[in-house]
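The values are calculated or read from the model by the stated rules, or taken from the named source; none is laboratory data. Just so you know, these numbers come straight off a predicted model, no measurement behind them. FYI the Cβ positions are ideal-geometry reconstructions off the backbone, even for glycines, and counts take in every protein chain you see.
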Amino acid sequence: MGDLLKVAMPKGRIYKQAFKLFHQAGIPLPEEADESRKLIIPFPEAGMEFIMAKPVDVPTYVEYGVADIGIVGKDVLMEENRDVYELLDLAIARCRMSVIALPDWKPVINPRVATKYPNVASQYFREKGQQVEVIKLNGSIELAPMIGLADRIVDMVETGQTLRENGLVEMEEIFQITSRLIANRVSYRMKHAEIQRLCDLLQVTV
Ligand code: PRP
């Protein structure tokens, strides 16, 4: 088991698309992996072992080397800023990071910005030379302007449905998001052949 390539897979919305991608690459992941409560899923036929992780933790596992490689959204990579190699843009789970507000928002001094991505938001407004107060939330970010907690939010937009249903507008796009294949720096050297093989398989599909 020691030689299996350890792959940190994000549970939830990315998994379904990653599943399809691996399938197309000839690596038929178990479809139910996402739904089962099992956290470590060995797949010796493919020389891999999957670690089912909360998406935001994938870069942490990879930086510390408990996973050799991982799949993670660019949003999490930008926020976590971990010391990992970004190997491949998998072109799945496409969405964007945006600044969002109520349609009648007005510029105020030191506006409050609610977000799950405090580092991304702080950096964005710092680069624009705007002083803001960042409030970290863990979900349902769209609530913040609606209930008067924040003037704006920084959040992911995929279909735009959440914005539409809550009467919010996208003011500015910060960056495009897709999922990336990342690798631990030491694993990338020590298991180069296996990792490169996987990259080649995945690359033909993207
Ligand atoms: C994400 C994001 C938006 C929504 C965007 O939330 O924070 O709320 O998806 O998708 P849409 O543009 O297709 O509506 P998520 O579903 O991850 O839940 P959360 O509120 O717990 O962050």
Taking region 178-192 only, how many residues are in contact with a strand residue (DSSP E or B) (Cβ under 9 Å, 6 or more places away or on another chain), among the aliphatic types (A, V, I, L, M) and surrounded by fewer than 17 Cβ atoms within 10 Å (Cβ to Cβ)? 0
Residue check, LEU181 in a strand (DSSP E or B) and either at pLDDT below 95 or not β-branched (Val, Ile, Thr) (or both): yes
Return the residue satisfying two criteria in turn: it lies in region 184-206 and is touching a helix residue (DSSP H, G or I) at 6+ places or on another chain (Cβ under 9 Å) and not in a helix (DSSP H, G or I), and of such residues it is nearest to LEU88 (Cα to Cα). VAL206
State all residues of region 160-177 that are buried (at least 16 other Cβ atoms within 10 Å of the Cβ) and under 24 Å from ALA18 (Cα atoms); if no residue qualifies, say none. THR162, ILE177
I'd like to check something: does region 8-30 contain any residue that is within 16 Å of the ligand (Cβ to nearest atom), in the same structural domain as TYR188 (by TED's automatic domain parsing) and of a type in the set (S, T, N, Q)? yes
Hits in region 100-120 - residues which are more than 13 Å from the ligand (Cβ to nearest atom) and within 19 Å of the chain's Cα centre (by Cα): PRO118, ASN119
Report yes if ASN119 is under 30 Å from VAL186 (Cβ atoms) and of a type outside the set (Val, Ile, Thr), otherwise no. yes
As an exercise: evaluate ALA33 against (1) within 16 Å of the ligand (Cβ to nearest atom); (2) modelled with pLDDT under 95 and give the number of the one condition it does not meet. (1)
Considering only residues of region 139-167 that are more than 10 Å from the ligand (Cβ to nearest atom), on the phi < 0 side of the Ramachandran plot and not in a strand (DSSP E or B), which is farthest from the chain's Cα centre (by Cα)? ILE147
